[in-house]
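The values are calculated or read from the model by the stated rules, or taken from the named source; none is laboratory data. Everything numeric in this text was worked out from a predicted model, so none of it was measured. Positions of Cβ are backbone-derived with ideal geometry, glycine not excepted, and every protein chain shown enters the neighbour counts.
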Amino acid sequence: MIADGDRVAVGLSGGKDSFCLMWLLDERRKRAPVNFTLIPIYIDPGFQPGQAEMLVEIGRGYGWDVQVDYSDCGILAHSEINRENPCFLCSRMRRKRLFVLADRLGCSKIALGHNKDDLIETLFMNIFYSGEISCMLPRQEFFNGKLTVIRPLSFAEEDLVNRFAKIMKFPILENPCPSAGNSKRNQVKDMLEKLYRSNKKIRGNIFRAMHHVRTDYLLK
């Protein structure tokens with residue numbers, strides 16, 4: 001995923017996944033056979049109280065120089081112009097700003113903290129709300145290869161990430177978003193958790209199914 005000389009923008013959100021990702025990449029960077037640079041970036045969605053200053057301070061404690069981009073993505077996504085799915089619009093706008101900032105900083109790659117469960121949830125989100133069978137990829141090129149998004153935690157289950165974050169005592173920041181805990185993704189997560197509790201093989205079977213698509217048995 002990372003090659004010699006890469007400048008990698010790391011999406012830092014203040015959540016456990018992004019803290020784990022940044023810490024692991026930074027630890028790996030010190031021992032890797034290739035040289036690469038990490039630039040943690042936080043896209044502030046505009047909610048108050050904000051997390052930017054706290055994230056910068058936390059990052060400084062780990063030796064990370066966190067870059068902050070102040071925006072109104074979250075405010076706009078929850079305004080009168082968008083009533084249906086604020087999380088989708090906010091995420092899309094923040095991703096666009098991250099792409100622009102990464103390019104401006106000379107980064108060829110963007111690392112995001114999505115884990116195995118995020119990929120599974122995205123599959124069902126796209127089926128339910130976009131009418132298509134697709135998900136996020138561990139490595140995905142954009143703009144004819146000018147930027148590449150990598151997701152190093154793609155094969156790690158959320159429970160493993162949670163346990164690692166607890167062991168490392170990463171800070172827990174309260175999400176100021178008014179939709180936190182009440183999004184469509186949370187509804188999908190709750191649905192899947194009920195299925196996982198009924199049969200421990202379901203999570204693994206879904207993930208394997210994403211690698212084993214029989215197109216001959218799909219409608220055309």
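For the structure I just gave you, tell me whether Ile81 is out of contact with any Phe, Trp or Tyr (no Cβ under 6 Å at 6 or more places or on another chain), part of a strand (DSSP E or B) and of a type in the set (A, V, I, L, M).
no
Just checking, which of Asn182, Asn115 is among the polar types (S, T, N, Q), out of contact with any Gly (no Cβ under 8 Å at 6 or more places or on another chain) and at pLDDT below 95?
So the residue among Asn182, Asn115 that is among the polar types (S, T, N, Q), out of contact with any Gly (no Cβ under 8 Å at 6 or more places or on another chain) and at pLDDT below 95 is Asn182.
With respect to the numbered conditions (1) closer than 25 Å to Met54 by Cα; (2) at pLDDT 95 or above; (3) touching a Phe, Trp or Tyr at 6+ places or on another chain (Cβ under 6 Å), which one is the sole condition not fulfilled by Pro176?
Among (1) closer than 25 Å to Met54 by Cα; (2) at pLDDT 95 or above; (3) touching a Phe, Trp or Tyr at 6+ places or on another chain (Cβ under 6 Å), Pro176 violates only (2).
Select from region 90-132 the residues that are outside any helix (DSSP H, G or I) and surrounded by 13 or more Cβ atoms within 10 Å (Cβ to Cβ) and list them in ascending order.
Matches in region 90-132: Leu105, Cys107, Ser108, Lys109, Ile110, Ala111, Leu112, Gly113, His114, Asn115.
Taking only pairs six or more apart or across chains, which ones have beta-carbon atoms under 6 Å, a first residue in region 204-218 that is assigned to a helix (DSSP H, G or I), and a second residue that is of a type outside the set (S, T, N, Q) and surrounded by 12 or more Cβ atoms within 10 Å (Cβ to Cβ)?
Every condition considered, the pairs that remain are Ile206/Ile120.
Considering only residues that are part of a loop (DSSP other than H, G, I, E, B) and surrounded by fewer than 17 Cβ atoms within 10 Å (Cβ to Cβ), which ones fall in region 41-70?
Listed by number, the residues that qualify are Gln48, Pro49, Gly50, Gly63, Asp65.
Quick one: Gly131 ticks every box in (1) touching a residue at least 12 places away in the same chain (Cβ under 8 Å); (2) at positive phi except a single one, so which number is it?
(1)
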